[in-house]
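Student: This is the structure, below, for whatever I ask next.
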Amino acid sequence: MCIHIYSRRSGLKNVTSSFSKRGYEKLDIKLMLAKMLHCTTLCYLAAAALLAVFLFFSAVYFFIQYTFGVCKSKNRMDGKTVIITGCTSGIGKETAKDIARRGARLIMACRNMESANKLKEELIKESGNENIVTRELNLSSLTSIRKFAQEINREESRLDVLIHNAGTADLFTKKVTEDGLEMTMGTNHYGPFLLTHLLIDLLKQSKPSRIIVVASGLYYLARLNLNNVNPTTTLPGYLYYVSKYANIVFTLELARRLEGSGVTANCLHPGLINTGIWKSVPPPFSWGLHFLLNTFSKTIEQGAQTTIYLAVSSEVNGISGKYFSDCRETELPHGIKNPSQGKKFWELSETMVKLQPSDPKI
């Protein structure tokens, strides 16, 4: 009897053990399926996210490529004189090529004379226009600017278009010019400011004439601090944006002061372009920057179109104090158009460039 009972208990244990094993197996299967489902869901979500990112960047790329403006003007510039600063590379070089083909007398105002003279020979060969000269100009040096302006005023009988194209950018390295000005602001704003003053009489004598300032849409990342217009301790990476903001404020105030003179002043955003201006940016910051520039930027030729448009097109005759992008006028926010800000910044800039009583006034 005892043995019989034991057997029944043993059998019960075996049955229970069997059911337990089956239950565990089912549980394991469910857990495995849950994990597979979870992994599959994550894979689908990851794939969807990647697809969304791809579609977004593709849309941005095609938008940039198929909405950029093109200068369609066929106007010749025979008999006209054009100065372009910083034109040995980038959009300045493309602008110089176009102006040379249109027959203008082209004055290439450059810091690197070896590169300038080499490009001069290329342009003469390509365009057949031999009326191309090079002049040394370092926009970070007030002495160099004055020397250049003296040469132009002495040698040239007219000046129809002045294109402020030259610019510099750095990310971390803080530099000061020989005149004590912060390098980025000195080169991108104060240099063009002084040069415009010193050439304004020649521009007025040649009216109708044009002043064109290459700014940037990145101005919206910065603001002008009128309490510190020589920010030598600020990171130059940020000051590049400040200098572009300054370019626009300068252009708008310049246009107000030149009203009725026959000289117009306009500025522009060339677009996102890999011109090499950010070549000094160190890794790892340069990696992401180069990806963006190489993937989404305009070509150099595309980026030069708005500058060329403002220099040659009849559509902008008499138009002044405007901001252009893709060969179209673009509205600016009210803050940057504040006349009191422009007037105050102008007066401060006069002090920074050491404008003399004998210098032309605007």
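The values are calculated or read from the model by the stated rules, or taken from the named source; none is laboratory data. Remember, predicted model here, so these are calculated numbers, not experimental data. Cβ placement follows ideal geometry from the backbone for every residue including glycine, while neighbour counts extend to all protein chains displayed. Quick note on the areas: whole protein, heavy atoms, side chains included, nothing else; ligands and nucleic acids left out. Shrake-Rupley method; radii C 1.70, N 1.55, O 1.52, S 1.80 Å.
Student: Go through the residues of segment 344-361 one by one and say whether even a single one is closer than 19 Å to residue 212 by Cα and touching a strand residue (DSSP E or B) at 6+ places or on another chain (Cβ under 7 Å).
Tutor: There is no residue in segment 344-361 that is closer than 19 Å to residue 212 by Cα and touching a strand residue (DSSP E or B) at 6+ places or on another chain (Cβ under 7 Å).
Student: Return the only residue of 180, 186, 191 being modelled with pLDDT of 95 or more, surrounded by fewer than 17 Cβ atoms within 10 Å (Cβ to Cβ) and not hydrophobic (A, V, I, L, M, F, W, C).
Tutor: Every option except 180 fails the conditions.
Student: Condition (residue is modelled with pLDDT under 95, closer than 21 Å to residue 264 by Cβ and either surrounded by 16 or more Cβ atoms within 10 Å (Cβ to Cβ) or of a type outside the set (Lys, Arg) (or both)) applied to segment 219-226: is it met by at least one residue?
Tutor: yes
Student: Another one. Go through segment 298-341 residue by residue and tally those that are open to solvent by less than 60 Å² (accessible area, probe 1.4 Å), assigned to a loop (DSSP other than H, G, I, E, B) and within 24 Å of residue 97 (Cα to Cα).
Tutor: Summing the residues that are open to solvent by less than 60 Å² (accessible area, probe 1.4 Å), assigned to a loop (DSSP other than H, G, I, E, B) and within 24 Å of residue 97 (Cα to Cα) in segment 298-341 gives 4.
Each row is one residue, and each column tells you yes or no for (1) within 21 Å of residue 241 (Cα to Cα); (2) open to solvent by less than 40 Å² (accessible area, probe 1.4 Å); (3) at pLDDT 95 or above.
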position: 134; (1), (2), (3): no, yes, yes
position: 140; (1), (2), (3): yes, yes, yes
position: 143; (1), (2), (3): no, no, yes
position: 149; (1), (2), (3): no, yes, yes
position: 152; (1), (2), (3): no, yes, yes
position: 160; (1), (2), (3): no, yes, yes
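Student: Can you confirm whether segment 250-265 contains a residue that is at pLDDT below 95, open to solvent by 30 Å² or more (accessible area, probe 1.4 Å), more than 27 Å from residue 224 (Cβ to Cβ) and part of a loop (DSSP other than H, G, I, E, B)?
Tutor: No, that holds for no residue.
Student: Now for a separate question. Does residue 239 meet the test of being touching a Pro at 6+ places or on another chain (Cβ under 7 Å), open to solvent by less than 10 Å² (accessible area, probe 1.4 Å), part of a helix (DSSP H, G or I) and touching a residue at least 24 places away in the same chain (Cβ under 8 Å)?
Tutor: When the stated conditions are applied, residue 239 passes them.
Student: Return yes or no: is residue 106 on the phi < 0 side of the Ramachandran plot, part of a strand (DSSP E or B), modelled with pLDDT of 95 or more and under 26 Å from the mean Cα position of the chain (by Cα)?
Tutor: Yes: the conditions hold for residue 106.
Student: Scan (1) assigned to a helix (DSSP H, G or I); (2) within 20 Å of residue 87 (Cα to Cα) for the single condition residue 219 breaks and write down its number.
Tutor: Only one criterion is unmet by residue 219, namely (2).
Student: Separate question: Restricting to segment 68-102, name every residue that is open to solvent by 40 Å² or more (accessible area, probe 1.4 Å), among the β-branched types (Val, Ile, Thr) and part of a helix (DSSP H, G or I).
Tutor: Those that are open to solvent by 40 Å² or more (accessible area, probe 1.4 Å), among the β-branched types (Val, Ile, Thr) and part of a helix (DSSP H, G or I): none in segment 68-102.
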